[in-house]
Amino acid sequence: MTVTHLATASDTLIEWSDTLSVGIQEIDDQHRFLVDLLNKLHRAIHQRQGTAATETILMELVDYTKIHFAVEESLMRILGYPAYDEHKQQHDHLIDEIHELQDKLASGKASVTFELLHFLRTWLTKHIMEEDQHYSPFFLSRGAVATGANQSVAGRLWKSLFG
Ligand SMILES: [Fe+2]
Ligand SMILES: [Fe+2]
């Protein structure tokens with residue numbers, strides 16, 4: 001795989017802000033982690049950390065994205081979210097695109113570029129703001145822990161021990 005280096009104004013691709021919050025603590029934490037990974041990938045390319053480092057972060061990002069989608073989809077099925085099918089289609093579509101891209105990268109037909117990063121950034125922010133934020137009122141009405149709300153007893157205990 002080739003890594004293309006292009007000049008960019010900043011090391012940070014996405015700044016987390018409240019506009020990205022879905023209002024559910026656990027999901028916000030996962031989205032923040034995805035944002036961090038995308039920024040890490042951006043830095044690796046920007047700072048020319050090399051192909052191996054870039055590939056490793058990209059794989060981490062792809063793996064974590066799949067885990068995150070699986071968590072959201074499980075919650076939707078457990079809670080009976082009415083728009084589950086449409087939401088899952090969006091997830092499947094991105095995973096298909098990523099697999100195609102990984103094939104191209106593996107066969108040397110594409111490179112990890114800032115264009116790819118911008119595609120991932122646009123997709124992630126758009127999906128969070130247009131699709132994920134739609135399920136939050138439904139999840140919250142069924143007992144999801146709101147961002148910033150008091151945590152469960154187990155959560156508070158964990159924080160007091162390790163936080
Ligand atoms: Fe999400
Ligand atoms: Fe989603």
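Of note:
- In the set (1) more than 16 Å from ligand 1 (Cβ to nearest atom); (2) without any contact (Cβ under 8 Å) to a residue 12 or more places away in the chain; (3) not hydrophobic (A, V, I, L, M, F, W, C), R48 fails one condition alone, (2).
- Selection of the stretch 97-135 for residues being within 16 Å of ligand 2 (Cβ to nearest atom), free of Cβ contacts under 8 Å to residues at least 12 places away in the same chain and under 14 Å from I45 (Cβ atoms) yields an empty set.
- Pairs linking a residue in the stretch 52-74 that is free of Cβ contacts under 8 Å to residues at least 12 places away in the same chain to a residue that is assigned to a helix (DSSP H, G or I), with Cβ atoms under 7 Å and 6 or more positions apart or on different chains, are A53/A44.
- Only residues that are over 18 Å from S74 (Cα atoms) and near ligand 1 (Cβ under 10 Å from one of its atoms) were counted in the stretch 120-144, giving 1.
- Subset of the stretch 14-37 (residues that are within 15 Å of ligand 2 (Cβ to nearest atom) and in contact (Cβ under 8 Å) with a residue 60 or more places away in the chain): L20, S21, V22, G23, I24, E26, I27, D28, H31, L34, V35
- Unique residue being assigned to a loop (DSSP other than H, G, I, E, B), small (G, A, S), modelled with pLDDT under 95 and surrounded by fewer than 17 Cβ atoms within 10 Å (Cβ to Cβ) when the list is A149, A144: A149
The values are calculated or read from the model by the stated rules, or taken from the named source; none is laboratory data. This one's a predicted model, so the numbers in the text were calculated from it and none came from an experiment. Here the Cβ is made from the backbone with ideal geometry for all residues, glycine too, and neighbour counts use every protein chain on show.
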